[in-house]
Amino acid sequence: MDESKKSGESARPAAWSPPEPSALRVGFIGAGRLARALSLALQAAGVPVVRVASRSAASARALAESLPDCRPGDPADVARDCDLVFLTSPDALIAGIARAVPWRPGQAVAHCSGATPVAALRPAAEAGALIGGFHPMQAFGADPGAALASLPGCTVAIEAEPPLDALLHALARRLGCVGLNLPPGARVRYHASGGYASQHVHALLAEAVRLWQSWGATERQALDALLPLLRGTVESLARSGVAAGMPGPVSRGDAGTVRLHRQALQAVDPEMRDLYDRLCRRGVALARQAGRLDAAAAEGVERVLDAPPGP
Ligand SMILES: NC(=O)c1ccc[n+]([C@@H]2O[C@H](COP(=O)([O-])OP(=O)(O)OC[C@H]3O[C@@H](n4cnc5c(N)ncnc54)[C@H](OP(=O)(O)O)[C@@H]3O)[C@@H](O)[C@H]2O)c1
């Protein structure tokens, strides 16, 4: 399909000058974890949030009551009364909601999904609204206070045409976030990258917790011991980057310790050992890149990784 049609450009809306952020009437459709954090943060930054709708009236009411001049309603109320509407439903519902709501010229609609194309909002563009994407690269949990505190400093991927792009960047700045324009076609890879800094960290620590549990320790005991290490690792990453500061036996070329690890992990679970092997191979490449391993030391570790994991 023609790229311009995919992004909704063919139905280019009439010129519209969005109000200043402090005069903007913002609404949300979907009153979940992200909407709670974003609406409270916008309101605190002087951007009025005036309408909220959700699947359940109770969620919409609860969010509206936490904001000073906000009323719950249905999605059509939000579209009618707002200059900028954030679609903050689950990703799979964005296109359906965009089709069902009566949008109009003189307003903008942005979804907050990292992987969904902005073209999912095409029905809004066809009705004359500006459309865009506004995805904060952060994990927002159920605790609104913690979610709010985690917003400043995070990157927000913004995808929109003028004048909506400038407005969304201005909102990101007001929230203390860093607006990012992604090159065309990079959106899904950008979103997948976030998994490595969030979801996959959980998956990796789950492996570590299983090891502690193999000698009878609890998850709490494991995390109490491992989280200081993780915090130190995050500090080191921020200071030195991904390759230079990498710790551990692979970066030291300590093939003997890698052999012992493989034997121990194989006894707990061969799949755990297999994941360890794959991560070690990536570690060898990183340590080579950082000049921490010469070719002979790298080969020594790789020979151990190629060998059967037995004693
Ligand atoms: N949470 C994060 O860390 C995060 C980070 C970045 C981006 N995002 C994006 O933000 C969006 C929302 O994610 P979330 O984590 O906030 O999800 P969530 O906590 O599950 O909230 C989704 C909300 O949408 C409402 N909803 C469900 N079906 C609906 C419908 N048909 N019409 C209107 N509202 C409906 C839900 O309804 P009820 O409560 O009324 O039942 C719920 O309040 C997604 O696009 C996600 O990719 C999330």
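FYI, it's all coordinate maths here, none of it is from the lab. Being a predicted model, the structure only gives us computed values, none of them experimental. With ideal geometry, Cβ positions are generated from the backbone for all residues, glycine too; neighbour counts draw on all protein chains shown.
Quick notes
- Scanning residues 5 or more positions from A160 or on other chains, those with amide H under 5 Å from its amide H are G133, with H placed 1.01 Å from N in the peptide plane.
- Scattering curve values for the chain, log₁₀ I(q)/I(0), Debye with Cα scatterers, q = 0.08, 0.12, 0.15, 0.16 Å⁻¹: -0.49, -0.86, -1.08, -1.18
- Each residue in C280, C82 was given a count of other beta-carbon atoms within 10 angstrom of its own, and listing them fewest first yields C280, C82.
- Summarising the amide proton neighbourhood of T88: residues at separation of 5 or more, or on other chains, whose placed amide H is nearer than 5 Å comprise I29, G30.
- At q = 0.14, 0.16 Å⁻¹ the log10 of I(q)/I(0) for the range 197-306 amounts to -0.62, -0.81, computed by Debye summation with a single uniform scatterer per C-alpha, solvent ignored.
- Farthest toward the positive end of the dipole of the range 3-186, out of G179, V156, I131, is the Cα of I131, where the dipole comes from beta carbon charges about the Cα centre.
- Angle between the chain longest axis and helix 270-289 axis [Cα atoms, degrees, rounded to 10]: 90
- Other-chain or far-sequence residues with amide H under 5 Å of V178's (modelled H): G153, C154, T155, V156
- Among beta bridges from DSSP that stay inside the chain, the antiparallel ones total about 20%.
- For the range 255-264, 3J(HN,Hα) per residue [Karplus equation, 6.51 cos²θ - 1.76 cosθ + 1.60, θ = phi - 60°, Hz, x = Gly/Pro]: 5, x, 5, 4, 4, 4, 4, 4, 4, 5
- Here the Karplus relation 6.51 cos²θ - 1.76 cosθ + 1.60, evaluated at θ = phi - 60°, turns the backbone of the range 54-59 into coupling constants of 8, 5, 9, 4, 5, 5 Hz, with x for every Gly and Pro.
- In a simple Cβ point-charge model (Lys, Arg +1; Asp, Glu -1; nothing else charged), the chain has a dipole of about 80 debye relative to its Cα centre.
- In degrees, nearest ten, helix 295-306 long axis to first principal axis of the chain (Cα): 90
- Cα centroid of the range 152-227 to Cα centroid of the range 240-310, whole Å: 26
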